Amino acid sequence: MTAHPLPTPAVTAPAAAPPSPVLEFWLDFRKNSGAVAGLVLITVLILLALSAHLVAPHSPVLTNDTAFLRPPFWQQGGSLTYPLGTDAIGRDILSRLIHGARLSLLIGIAVVSLSVIAGTILGLVAGFFRGVTEVAIMRLMDITLTLPSLLLAIVIVAILGPGLMNAMLAVAIVLLPHYVRIARAAVISEVSKDYVTAAKVAGAGRLRLMFKEVLPNCAAPLIVQATLGISTAILDAAALGFLGLGAQPPSPEWGTMLADAREFVLRAWWVVTLPGLAILLTVLAFNLLGDGLRDALDPKLKR
């Protein structure tokens, strides 16, 4: 009899380790080319804002009596000394745009941070303490939402007085209801899940349930709304600055620059177009980034 060799057991390759959450998020995020472009533009703006004192060729408030309304360098009468021209009192437009990026980003981030923190706390309280507390908080937010946002901000600044800090506070109050509603809805959907029940059985207190168990699972929609809210904050702050209620001259805030250039719109297009274009590109970048974050963080959209 011929001995048959024993069959060799098949060797299976080890299963590949799942990608880390950060890598998985980045792989989903980079599929959206618009979001990547928005992230690149925001990164450039942040770098310009942080190094404004090094990058800007001139002081944003320094005037030149011999260079009133000088056009950009590619037009007749322009020069590379003032690459994007000057305004009505001889200040360099490029330097004011760069320093304005610092101010506008600071306004957007500070306003949204204040709104997110206050809105998240109120939303958690409304979601956990149902009944009279929830009704009082949500009806107040509903009343705030019924008022036009810019009109409400104007009323608040008119009461508090014009100025950058008061304008930031007014915009933060205007944006607050959105985060309260998102946080409350996320809390209500999370408190009925098994992990919250298990934490309650294990003896977790209400504060631990709110901030350690539920809040991390409500972060995704809040992050997306915060990113979109920065663009809204920049727009509202620019509108208040344009009306003379926000940052006051000679601050190089983009809305204030537009207000200063109103009377020269027909004979010096650059003093109006360039600050408006800066606002447009910044708001567009944050909106694109917010869309990409929503697509990457929402499991329903992934499926």
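Every number here is computed from the coordinates shown, using simple stated rules; none is lab data. Keep in mind that what you see is a predicted model, and the values were worked out from it rather than measured. Backbone-built Cβ (ideal geometry, glycine too); neighbour counts: all protein chains shown.
Among 74, 192, 105, pick out the residue whose Cα is farthest towards the positive end of the charge dipole of the chain, where Lys and Arg carry +1 and Asp and Glu carry -1 on C-beta, about the Cα centre. Result: 192. Grouping the Cα pair distances of segment 139-215 into 10 Å bins from zero gives a pair-distance distribution of 17, 32, 21, 20, 9, 0 percent in increasing distance order. The modelled label-to-label distance between residue 109 and residue 219, using points 7 Å beyond Cα along the C-beta direction, is 1.8 nm. 3J(HN,Hα) along segment 149-156, derived from phi through the Karplus expression 6.51 cos²θ - 1.76 cosθ + 1.60 where θ = phi - 60°, amounts to 4, 5, 5, 5, 5, 4, 5, 5 Hz, with x in place of Gly and Pro.
Please determine, in degrees from 0 to 90 and to the nearest 10, the orientation of helix 219-242 with respect to the longest principal axis defined by the Cα atoms of the chain, where the helix direction is its Cα long axis. Orientation of helix 219-242: about 10 degrees from the principal axis. Please give the helix 270-297 orientation as an angle from the longest Cα principal axis of the chain, in degrees from 0 to 90, rounded to the nearest 10. So the inclination is approximately 0 degrees. For mean projected area of the Cα convex hull in nm², the candidate list reads (i) 14.0; (ii) 15.9; (iii) 27.5; the entry that matches the value derived from this model is (iii).
Based on alpha carbons, the Rg and Dmax found for segment 242-303 are 17.2, 54 Å. Can you tell me the relative contact order of the chain? Whole percent, Cα pairs under 8 Å, sequence separation 6 or more. With pairs under 8 Å counted, the relative contact order is 23 percent.
Ordering 126-136, 169-179 by mean Cβ neighbour count within 10 Å, with the highest value first, yields 169-179, 126-136. The alpha carbons of segment 72-216 stretch over 76, 32, 20 Å along the principal axes, in descending order. Our estimate of slack between residue 295 and residue 61, defined as 0.36 nm per intervening residue step minus the Cα-Cα distance, is 80.0 nm.
Considering only 32, 59, 151, the residue lying farthest towards the positive end of the dipole of the chain is 32, judged by Cα position with unit charges set on Cβ.
Helical content alone sets the calculated 222 nm signal of the chain at -21000 deg cm²/dmol, taking -39,500 (n - 2.57) per DSSP H segment of four or more residues and averaging over every residue.
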